[in-house]
Amino acid sequence: MEPNEASISRRGLLRGAAAAAMLLPFGMTLASCAAPGGGGGGGNAGPQGEVTSDNPFGVAANSKVDAVIFNGGYGVDYVENAAKLMEGNDGLDGVTVKVSSSTKIAQELQPRFVGGNPPDLIDNSGANSIGWNTILDQLEELDDVLEAENLDGEKISDTLFGGVKEPGTFDGRFVALNYVMTVYGLWYSDSLFQANGFQVPKSWQDLSALGAAAKEKGKYLFLWGKEAATYYQTMVVNSAVIQAGDDVRLPLENLDAKAWSHPVLQEILTIFHELIQAGYVKPGGAGTQFTQAQSQWSLDQEALLYPSGSWIENEMKKQTAPDFKMMGIPELPLDGNQTTPAGTMRAEAGEPFIVPSNAKNPAGGKELLRTMLSKESATAFAETKLAPTIVKGTVPEDGFGSTALVSQSKMLEAAGDNVFTIKSFNLYGMNSDQLPIWNTFLGGGMTVAEITQQLQALTDRIREDSSVTKIEIK
């Protein structure tokens, strides 16, 4: 799972951006307690080896590269494979790469930041990721990675999907390269819909009729698991942005005092509350582990729709019914009067990789990233993980046999440049406080007014806390 807004990992472990939760108390930052400078051979020292076309960052001969990768649903083998490819680069003399896995990035790596010896490359993912606003001033800018040529001699920036820098840019500094292209949407079984004559919804106005049709077949419209309750917040917010654009997005991103009272958000929440009260959402999710709930959808087919990022197929591939034919559509606009262009959707690069400035071999960290962005590495990832990277042209028309991957490609093609992201929930570590709110709402124990008040109160608390560094999002 992505968790982006969920407390679980993008693909299977407690997480979120999918995500970067604030794991230190408000007011405490790594920057305030880290030893200044030091570390030996940090990014500010410049290249240590000869700069060539095969070694654009000047990785020193016989040097070692230390990479720590979040071990979630995508595993770590894709980085291990890139490491082998990098070690075979004739332009790198005797360079070796050590790839370590972790499910507790913050707990294991915060002490290394404080001690001045962080790894050269980090996949800062999972519920236990390091809060972004605690380390931003300790990270290398990565523009030079995109300006470099890939292993095929092409400028890397020319080979990537549009908008890939946005999720990893903070205060104008591009410091996190998000590797996996994540598509957010509603996922369903095409075979189930075809067999029962269900109509794929086009807006929130269609959901009541679809819920009634599902109920006639002994099924639900939605279901959820306790750790992933905020997947439904993601669905609601993305839907509102698709309907009304920045008029909804920017107040939420910048902690506006009336962000959650926007009329479009209120109308969507009202419809959702009606669906819950009508019994179209399976009860008991607050007591169900999230992958168990997802299995009720993908294997038992108890519900028609599930909101998630595109990691869902890979995450549930061992618990999906035969001939399920998973497909996806963007989250739904409120009605047929959306102000954004047709096809607008939330799609963003995820799985953020960072290079600490105080690492021993930041040039090596960047070179490993360059290798991961080669067509060979990116194609291998898409084929084995059933998800596209930020590198274009690596997924064939048949999606390696994956209907979900084919639908992702179609959605991205239809959206073009009309894509957006949501940063604030992960940036300020809101997920742990939002989870119980959404579990209660989905269980029918909260009104629209109550969920609005509680979500706004959380937003207000962060906005008014002077110890929390605020970042303007545009």
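Only residues of the range 391-408 count here: report those whose backbone N is under 13 Å from the spot 7 Å along Cα→Cβ of D152, or say none. Label zone hits: 391-396. From least to most packed, judged by other beta carbons within 10 angstrom and beginning with the fewest, M372, M446, M327 follow the order M446, M327, M372. With a cut-off of 14 Å between beta carbons, the residues surrounding S409 carry a summed charge of -3, where Lys and Arg count +1 and Asp and Glu -1. Evaluate E = 1/(1 + (r/R0)^6) for E267 and D171, where r is the Cβ-Cβ distance and R0 equals 30 Å; express this FRET efficiency to the nearest 0.05. After rounding, the FRET efficiency stands at 0.35.
Estimated from the Cβ-Cβ distance and a Förster radius of 35 angstrom, the FRET efficiency linking D433 and D54 is about 0.10.
Exposure proxy ranking for R249, R463, based on other Cβ atoms within 10 angstrom of each Cβ and starting from the fewest, stands as R463, R249. Counting only aspartates and glutamates at least 8 places from K84 when in the same chain, those with an alpha carbon closer than 16 Å to its own are D54, D66, D93, E367, E376. Computed per residue of the chain from DSSP H runs no shorter than four, each worth -39500 (n - 2.57), the mean residue ellipticity at 222 nm is -10000 deg cm²/dmol.
Residues of the range 125-161 with amide nitrogen under 17 Å from the 7 Å Cα-to-Cβ point of D417? Within reach of a label on D417, which here means backbone N under 17 Å from a point 7 Å along Cα→Cβ, the range 125-161 contributes 157-161.
Relative to the Cα centre, the charge distribution of the range 285-406, modelled as +1 at Lys and Arg Cβ and -1 at Asp and Glu Cβ, gives a dipole magnitude of about 560 debye. Listed values for the range 425-437 are Karplus-derived 3J(HN,Hα) couplings in whole Hz (6.51 cos²θ - 1.76 cosθ + 1.60, θ = phi - 60°), namely 4, 7, 4, 9, x, 7, 4, 4, 7, 7, 4, x, 4, and x replaces Gly and Pro. Legend: distances between Cα atoms for K64/K104; K317/K360; K219/K392; pairs beyond 31 Å are K317/K360; K219/K392.
Computed from backbone phi with θ = phi - 60° and the Karplus coefficients 6.51, -1.76 and 1.60, the 3J(HN,Hα) list for the range 158-173 is 7, 9, 9, 5, x, x, 6, 7, 4, x, x, 9, 10, 6, x, 10 Hz; x is used for glycine and proline. Length gained on full extension, D137 to A209: 20.8 nm, using 0.36 nm per residue less the C-alpha separation. Counting other Cβ atoms within 10 Å as a rough exposure proxy, the listed residues K84, K165, K226 run K84, K165, K226 from fewest neighbours to most. Close amide H pairs (under 5 Å, H built 1.01 Å from N) link M181 with G350, T389, I390, residues at least 5 positions away or on another chain. Taking amide H as placed 1.01 Å from N in the peptide plane, the amide H of L139 sits under 5 Å from that of S357, each at least 5 places away or on another chain. Only Lys, Arg, Asp and Glu carry charge here, each on its Cβ (+1 for the first two, -1 for the last two); on that basis the chain has a dipole of about 1140 debye about its Cα centre.
No lab work stands behind these numbers, since they all come straight from the coordinates. No experiment lies behind these values; they were computed from the predicted model shown. As a convention, Cβ positions derive from the backbone with ideal geometry for all residues, glycine included, and neighbour counts pool all protein chains shown.
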